[in-house]
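Here is the structure we will look at, set down as C-alpha coordinates.
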Amino acid sequence: MFTIADIRNIAIQIERNGEKTYRQAAAKAPDSEVARLLESMADDERRHAQWFEEIRADQVLSEEQRQMEQVGKSILQEMVKDRTFSLEEDRLKSTENLEQIVVACQGFEQDTILFYEMLSEFIDNSETMDQLQAIIAEEQKHHRQLAEIFGELAAQS
(Lines give C-alpha, C1' and ligand atoms only; values in the text may rest on other atoms or scores of the structure.)
Protein backbone atom coordinates (compact mmCIF):
# COMPACT_ATOMS: atom_id res chain seq x y z
CA MET A 1 0.00 0.00 0.00
CA PHE A 2 1.40 3.37 -1.00
CA THR A 3 -0.10 6.49 0.49
CA ILE A 4 0.05 10.19 -0.32
CA ALA A 5 2.77 10.35 2.33
CA ASP A 6 4.84 7.85 0.35
CA ILE A 7 4.38 9.83 -2.84
CA ARG A 8 5.19 13.05 -0.97
CA ASN A 9 8.41 11.50 0.32
CA ILE A 10 9.42 10.51 -3.20
CA ALA A 11 8.74 14.05 -4.41
CA ILE A 12 10.91 15.47 -1.61
CA GLN A 13 13.76 13.14 -2.56
CA ILE A 14 13.40 14.01 -6.24
CA GLU A 15 13.59 17.72 -5.49
CA ARG A 16 16.61 17.29 -3.20
CA ASN A 17 18.35 15.27 -5.90
CA GLY A 18 17.51 17.97 -8.44
CA GLU A 19 18.92 20.69 -6.20
CA LYS A 20 22.14 18.73 -5.71
CA THR A 21 22.46 18.05 -9.44
CA TYR A 22 21.96 21.69 -10.42
CA ARG A 23 24.51 22.86 -7.86
CA GLN A 24 27.03 20.36 -9.23
CA ALA A 25 26.29 21.50 -12.78
CA ALA A 26 26.67 25.15 -11.75
CA ALA A 27 30.11 24.36 -10.34
CA LYS A 28 31.13 22.92 -13.73
CA ALA A 29 29.64 25.75 -15.78
CA PRO A 30 32.33 27.71 -17.64
CA ASP A 31 30.04 30.73 -18.02
CA SER A 32 28.98 32.74 -14.96
CA GLU A 33 25.54 33.48 -16.46
CA VAL A 34 24.87 29.77 -16.96
CA ALA A 35 26.14 29.06 -13.44
CA ARG A 36 23.74 31.67 -11.99
CA LEU A 37 20.83 30.17 -13.91
CA LEU A 38 21.66 26.66 -12.67
CA GLU A 39 21.96 27.96 -9.09
CA SER A 40 18.57 29.62 -9.47
CA MET A 41 17.11 26.32 -10.66
CA ALA A 42 18.67 24.61 -7.62
CA ASP A 43 17.00 27.20 -5.39
CA ASP A 44 13.67 26.43 -7.07
CA GLU A 45 14.15 22.71 -6.40
CA ARG A 46 14.91 23.43 -2.72
CA ARG A 47 11.74 25.51 -2.48
CA HIS A 48 9.74 22.72 -4.11
CA ALA A 49 11.08 20.21 -1.55
CA GLN A 50 10.07 22.57 1.27
CA TRP A 51 6.55 22.80 -0.15
CA PHE A 52 6.23 19.02 -0.34
CA GLU A 53 7.51 18.75 3.24
CA GLU A 54 4.57 20.88 4.37
CA ILE A 55 1.98 18.52 2.88
CA ARG A 56 0.21 16.61 5.62
CA ALA A 57 -1.23 13.18 5.10
CA ASP A 58 -4.36 13.24 7.26
CA GLN A 59 -5.55 9.77 6.35
CA VAL A 60 -6.38 7.69 9.45
CA LEU A 61 -4.77 4.26 9.12
CA SER A 62 -5.24 0.99 10.94
CA GLU A 63 -2.20 -0.60 12.61
CA GLU A 64 -1.81 -3.00 9.68
CA GLN A 65 -2.05 -0.13 7.20
CA ARG A 66 0.56 1.84 9.17
CA GLN A 67 2.94 -1.11 9.02
CA MET A 68 2.33 -1.52 5.30
CA GLU A 69 2.85 2.21 4.82
CA GLN A 70 6.20 2.02 6.63
CA VAL A 71 7.36 -0.85 4.43
CA GLY A 72 6.20 0.95 1.29
CA LYS A 73 7.89 4.15 2.40
CA SER A 74 11.21 2.36 2.95
CA ILE A 75 11.02 0.65 -0.43
CA LEU A 76 10.15 3.83 -2.30
CA GLN A 77 12.79 5.93 -0.55
CA GLU A 78 15.43 3.33 -1.35
CA MET A 79 14.31 3.34 -4.99
CA VAL A 80 14.87 7.08 -5.39
CA LYS A 81 17.72 7.59 -2.92
CA ASP A 82 20.57 9.43 -4.67
CA ARG A 83 18.81 9.11 -8.01
CA THR A 84 17.74 11.93 -10.26
CA PHE A 85 14.52 10.05 -11.15
CA SER A 86 15.62 9.62 -14.70
CA LEU A 87 16.93 6.91 -16.95
CA GLU A 88 19.81 9.30 -17.53
CA GLU A 89 21.24 8.73 -14.02
CA ASP A 90 24.25 6.64 -15.07
CA ARG A 91 24.95 9.10 -17.84
CA LEU A 92 24.82 12.01 -15.39
CA LYS A 93 27.35 10.36 -13.09
CA SER A 94 29.79 9.83 -15.95
CA THR A 95 29.44 13.25 -17.56
CA GLU A 96 32.58 15.07 -18.42
CA ASN A 97 31.21 18.31 -19.79
CA LEU A 98 28.37 20.72 -19.25
CA GLU A 99 26.55 19.74 -22.46
CA GLN A 100 26.18 16.17 -21.18
CA ILE A 101 24.98 17.43 -17.79
CA VAL A 102 22.40 19.67 -19.43
CA VAL A 103 21.02 16.80 -21.51
CA ALA A 104 20.80 14.59 -18.41
CA CYS A 105 19.08 17.40 -16.48
CA GLN A 106 16.52 17.75 -19.27
CA GLY A 107 15.68 14.07 -18.81
CA PHE A 108 15.37 14.63 -15.08
CA GLU A 109 12.98 17.53 -15.59
CA GLN A 110 10.84 15.59 -18.06
CA ASP A 111 10.58 12.61 -15.69
CA THR A 112 9.73 14.92 -12.80
CA ILE A 113 6.98 16.61 -14.80
CA LEU A 114 5.47 13.25 -15.71
CA PHE A 115 5.59 12.09 -12.08
CA TYR A 116 3.90 15.25 -10.82
CA GLU A 117 1.23 15.04 -13.51
CA MET A 118 0.53 11.49 -12.33
CA LEU A 119 0.50 12.71 -8.73
CA SER A 120 -2.06 15.37 -9.61
CA GLU A 121 -4.58 12.61 -10.33
CA PHE A 122 -4.65 11.83 -6.58
CA ILE A 123 -5.12 15.39 -5.32
CA ASP A 124 -8.57 16.64 -4.44
CA ASN A 125 -7.63 19.82 -2.58
CA SER A 126 -7.77 22.86 -4.90
CA GLU A 127 -5.07 24.81 -3.03
CA THR A 128 -2.70 21.84 -3.15
CA MET A 129 -3.51 21.32 -6.84
CA ASP A 130 -2.78 24.98 -7.60
CA GLN A 131 0.61 24.74 -5.89
CA LEU A 132 1.46 21.50 -7.66
CA GLN A 133 0.50 23.05 -11.00
CA ALA A 134 2.80 25.99 -10.19
CA ILE A 135 5.65 23.56 -9.49
CA ILE A 136 4.94 21.70 -12.76
CA ALA A 137 5.07 25.04 -14.59
CA GLU A 138 8.46 25.81 -13.00
CA GLU A 139 9.77 22.38 -13.96
CA GLN A 140 8.61 23.01 -17.53
CA LYS A 141 10.39 26.37 -17.43
CA HIS A 142 13.56 24.61 -16.27
CA HIS A 143 13.27 22.23 -19.21
CA ARG A 144 13.01 25.16 -21.64
CA GLN A 145 15.93 26.96 -19.98
CA LEU A 146 18.06 23.84 -20.25
CA ALA A 147 17.22 23.61 -23.94
CA GLU A 148 18.40 27.21 -24.37
CA ILE A 149 21.63 26.48 -22.46
CA PHE A 150 22.23 23.43 -24.62
CA GLY A 151 21.71 25.50 -27.76
CA GLU A 152 24.20 28.10 -26.56
CA LEU A 153 26.77 25.45 -25.62
CA ALA A 154 26.35 23.69 -28.97
CA ALA A 155 26.85 26.98 -30.80
CA GLN A 156 30.12 27.53 -28.89
CA SER A 157 31.46 24.08 -29.84
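The values are calculated or read from the model by the stated rules, or taken from the named source; none is laboratory data. All values reported here derive from a predicted model rather than from experimental measurement. When we count neighbours, we look across all protein chains shown, and the Cβ atoms used for this are built from the backbone with ideal geometry, even at glycine.
Listed values, structure above:
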| read-out | value |
| --- | --- |
| Options ALA25, ALA5; residue that is at pLDDT 80 or above and either of a type in the set (Gly, Ala, Ser) or in a loop (DSSP other than H, G, I, E, B) (or both) | ALA25 |
| Residue list for region 92-107, restricted to those being assigned to a helix (DSSP H, G or I), of a type outside the set (A, V, I, L, M) and either modelled with pLDDT of 85 or more or under 19 Å from LEU153 (Cα atoms) (or both) | GLU99, GLN100, CYS105, GLN106, GLY107 |
| Matching residues, region 98-117, being touching a helix residue (DSSP H, G or I) at 6+ places or on another chain (Cβ under 9 Å) and without any contact (Cβ under 8 Å) to a residue 12 or more places away in the chain | GLN100 |
| Single unsatisfied condition, PHE85 versus (1) over 13 Å from the mean Cα position of the chain (by Cα); (2) of a type in the set (A, V, I, L, M, F, W, C); (3) modelled with pLDDT under 75 | (1) |
| Which listed residue, of GLU139, GLU64, is modelled with pLDDT of 80 or more, in a helix (DSSP H, G or I) and of a type in the set (D, E, K, R) | GLU139 |
